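Novice: One structure, as structure tokens, below. Some questions next.
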Amino acid sequence: MAMEAEIIPITEEKIPLLDDSESSVKLSKNDLQKKKSGKKLANPRGPTNFFVALMRWVWKEIPTNLRAGITVSLVNVPLSISLSIAGGGSPVPGVVTAFWAGLAAAFVGGSEFNIVGPTGALSGLLAATTATYGVSILPFLAINAGLMSFIVWLFNLVDYILFIPSSVIHGFTIGVGFIIAFNQMDSAFGLTFQHEEKELYLKVWESCLHFGETNWAVLVLFVLQTAALFFLGKKWPKFPWAILITILGIVLSVLCVHNILPFKLVTLLDKYGELRLDIFEFPAGNKDAFSWPILSASISVTFIAILETLISAKIADDMTKTNHNRQREVLSMFVSNVVAGICGGIPATAALARTSLNIQTGATSRISAIIGCLSMLLLSFVFLPFFKYLPMTTIAALLVVVAIKMINVQTMVHLYHHDRSGLFILILSAAVCFFIDTVAGLVVGGLLSLLLSTKEMAVGHAEVEIHREGDLLGQVDIEALSKIELASPIGPSAIQNELEGDIEDSSMTHGHKFLPIVKRSSSFMIAPKPGDEDQQPEQQANVMVYRILGPLTYVSAPNHVLRVKKLVEKAQNVECVIILLRSLSHIDLDGVDALKEMIEVFENSKIKVYCAGLVSKEVVHALQNHDFYNDLKVNGRIHATAADVLSHLFPKEQSPEAKMRYE
């Protein structure tokens, strides 16, 4: 109950759950008399008082959450049936999953508002697995995913799952959306031929070749239902249009069965036979349940389930200004999937659309999810026999609308304007998901994102500033410096210089005589030193500050060393350099070696090296056992700040600009 107390405003009835003091408990008349007489009262946190407080809170929350719970249940029944079919299963396991997984997550989960059940995000992966191993594998996928979620919870591995960038997640979601939508082509067009191909894109091509067999009445019904669901859902999102369209589809189907309408609709009865709800059906044994392909698929299901659940919880937080418990959400995936699998269900995760509907219709706590599960169970027991008349074209309409909502156009537009590489990764991930495999889409997108991130980290971000006796002159243009080639004493540039008689001034290599400056300080206006009147400002600098930004690792180390060599080559009059480590977030052994080499490059050019800003304990620990660091420390070349070094070198009042940058 601690989670409820964190999210829901505390009332007098909830205080006993949070406070051990007697004053926080609303005392009965009998307890007041005992208190006045000096008799010892019962423990306010005892089982009885806790149960009373719990029941009082539940009783108060039921009226507030009743509408939300019933509304979600009305949407949950047809969607659970449809999404179970989309995942390659039969209709009933979808209802079983929505009840058991939803109920378990409502009790255990770290979000007050998440609705857990079958979802579109998992359907593509489930459909691919059932196509190879059959429908009986679905409960074992759920159990395996639950057990793996427990491992993630136990070892707190959720951070590693969240490393996947949003572009890959959106690409995966769009790919799954296309899989769901194109899997409905036969039902939407009323096609009844048997497919010879197994790959989805080849099945789509087969369906296109059979467009001449289209049942136009079915197609018109599909278009009308899809349009109604989409546009009415946008106009009045709080109304459960899914159940209304479902009822309409069942009515039309019954009319067709009694020959009142002059066309035929394929129904769940035609495809799956009679629907019988067994709320608990232990799965039959399957020899492939713990084979490597199924375990591999289970890892993917676990990853997607946890990711979707956390995304849904975050969206719920944004809508309600609350905070979810991430670890408890992961734990809820363990409990809900294991329970659903044992009861004959399929893998489950939080459903974004149903969670949003739950909040929009007035949910204030997890009681709405509990009401929704119980209400859905009642509806299923009473009305499931009628659902056998649900037309497949209506299911297709429901799933196509789900698929459309999975395609986030705004995200793609945003990426187009701000991150073209992210948009490319999104499109590539979606394409791989659709044409090859959903897991492959995640892997390819994730690896490509990792490579691009590694390339960015390999730049070795830094800031380089030049000073003259403590006065800031300007900042070196790092990008321009990176384009300058390092002069080679035996390379073609040296031979060319010798032929042209320019060997005396190797700093003229490729036309760059001085350091490229991107940002000049107003201090350039200061009077030059006697004898330096003809010098450029860059030539006046005698102090350089090299600020390392971010990590210094095997990825970025080579570029830092190369940059330092170029700086030494172009900095003509620099006498000392301050290596500023305040922004150094992490350093590995290669980074330590690189730092040592950078110091050696400076010192070999008669440039004295100082280090400042060693605030990270991790960095200090990595450096303290190395001789070059200890030599700097013994010689007094390690200071707290760069301003301290400048004051040490030039005992005068530092400029406000320098103080602001280096204190």
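Novice: Is the shape of the range 337-408 best called rounded, prolate or oblate, per the rule: a/c under 1.5 gives rounded, else a/b larger than b/c gives prolate, else oblate, with a ≥ b ≥ c the square roots of the Cα gyration tensor eigenvalues?
Specialist: Rounded, because the longest to shortest axis ratio a/c is under 1.5.
Novice: Using protein chains only and a probe of 1.4 angstrom, how many square angstrom of residue 549 are accessible, to the nearest 10?
Specialist: Looks like 50 Å² after rounding.
Novice: If you take the square roots of the eigenvalues of the alpha-carbon gyration tensor of the range 555-632 and sort them as a ≥ b ≥ c, do you get rounded (a/c under 1.5), prolate (a/b over b/c) or oblate?
Specialist: It is prolate, given that a/c is not under 1.5 and a/b is the larger ratio.
Novice: With a cut-off of at most 15 other beta carbons within 10 Å, and DSSP calling the residue loop, which trypsin sites (Lys or Arg not before Pro) in the range 317-368 qualify? Please list them.
Specialist: Filter output for the range 317-368: 321.
Novice: For a protection proxy built on the mean count of beta-carbon atoms within 10 angstrom, sort 554-566, 624-636 highest first, please.
Specialist: The densest-packed peptide leads the list: 554-566, 624-636.
Novice: Can you compute 3J(HN,Hα) from phi for each residue in the range 127-136, using the Karplus curve 6.51 cos²θ - 1.76 cosθ + 1.60 with θ = phi - 60°, rounded to whole Hz and x for Gly and Pro?
Specialist: Calculated HN-Hα couplings, in order: 5, 5, 6, 5, 4, 9, 10, x, 5, 5 Hz.
Novice: Oh, and also: Could you compute the FRET efficiency for residue 382 and residue 424, with r as their C-beta to C-beta distance and R0 at 60 Å, rounded to 0.05?
Specialist: Computed FRET efficiency for residue 382 and residue 424: 0.75.
Novice: Let me ask something additional. Please give the Cα centre distance for the range 97-147 versus the range 224-266, rounded to the nearest Å.
Specialist: A separation of 27 Å, based on Cα centres.
Novice: Further, regarding this structure: For residue 115, enumerate residues with amide H under 5 Å from its amide H, sequence gap 5+ or separate chain, H modeled in the peptide plane.
Specialist: 351, 355
Novice: So which trypsin sites (Lys or Arg not before Pro) in the range 580-612 pass both tests, a DSSP loop state and at most 13 other Cβ atoms within 10 Å of the Cβ?
Specialist: Listed in order of number, the matching sites are 606.
Novice: Apply the Karplus curve 6.51 cos²θ - 1.76 cosθ + 1.60, θ = phi - 60°, to the phi angles in the range 332-346 and return the couplings in whole Hz, x for Gly and Pro.
Specialist: 5, 5, 5, 5, 5, 6, 5, 4, 4, x, 4, 8, x, x, 10
Novice: Applying the Karplus parametrisation 6.51 cos²θ - 1.76 cosθ + 1.60 with θ = phi - 60° to the phi angles of the range 272-278, what ³J(HN,Hα) value in whole Hz is obtained for each residue in order, glycine and proline being reported as x?
Specialist: Each residue's phi maps through the Karplus curve to give 10, x, 5, 9, 10, 8, 10 Hz.
Novice: Another question, if that's okay. Once you place label points 7 Å from the Cα toward the Cβ at residue 634 and residue 447, how far apart are they in nm?
Specialist: With each label point 7 Å from Cα toward Cβ, the separation is 5.0 nm.
Novice: For residue 585, enumerate residues with amide H under 5 Å from its amide H, sequence gap 5+ or separate chain, H modeled in the peptide plane.
Specialist: Amide H neighbours of residue 585: 550, 552.
Novice: Still on this structure: Residues of the range 389-406 with amide nitrogen under 18 Å from the 7 Å Cα-to-Cβ point of residue 258?
Specialist: Backbone N within reach: 389-391.
Novice: OK, next. What is the sum of charges around residue 226, taking Lys and Arg as +1, Asp and Glu as -1, for the other residues whose C-beta is under 14 Å from the C-beta of residue 226?
Specialist: Surrounding charge for residue 226 is +2.
Novice: Please work out how much accessible surface residue 220 shows to a 1.4 Å probe, ignoring ligands, DNA and RNA, in Å² rounded to 10.
Specialist: Spelled out: residue 220, probe radius 1.4 Å, area about 80 Å².
Novice: Follow-up question, since we're still on this one. Give me the distance between the Cα centres of the range 599-632 and the range 343-378, rounded to whole Å.
Specialist: Going from one Cα centre to the other spans 58 Å.
Novice: Taking R0 as 56 Å, what FRET efficiency do you get between residue 236 and residue 606 from their Cβ-Cβ distance, rounded to the nearest 0.05?
Specialist: It comes out at approximately 0.10.
Novice: Also, I was wondering about something else. What chymotrypsin sites (Phe, Trp or Tyr not before Pro) does the range 211-304 have in DSSP loop regions with at most 11 other beta carbons within 10 Å?
Specialist: Within the range 211-304, the qualifying chymotrypsin sites (Phe, Trp or Tyr not before Pro) (loop, at most 11 other Cβ atoms within 10 Å) are 280.
Novice: Round to the nearest 0.05 the FRET efficiency obtained for residue 620 and residue 155 when R0 = 25 Å and r is the Cβ-Cβ distance.
Specialist: 0.30
Novice: Would you pull out the residues with amide H under 5 Å of residue 462's amide H, same chain only if 5 or more places away, H placed 1.01 Å from N?
Specialist: Answer set, sorted by chain and number: 549.
The values are calculated or read from the model by the stated rules, or taken from the named source; none is laboratory data. Just so it is clear, the model here is predicted, and its values are computed rather than measured. Ideal geometry is used to build each Cβ from the backbone, glycine not excepted, and the neighbour counts take in all protein chains shown. With ligands, DNA and RNA removed, areas are computed over all heavy atoms of the protein, side chains included. Shrake-Rupley method; radii C 1.70, N 1.55, O 1.52, S 1.80 Å.
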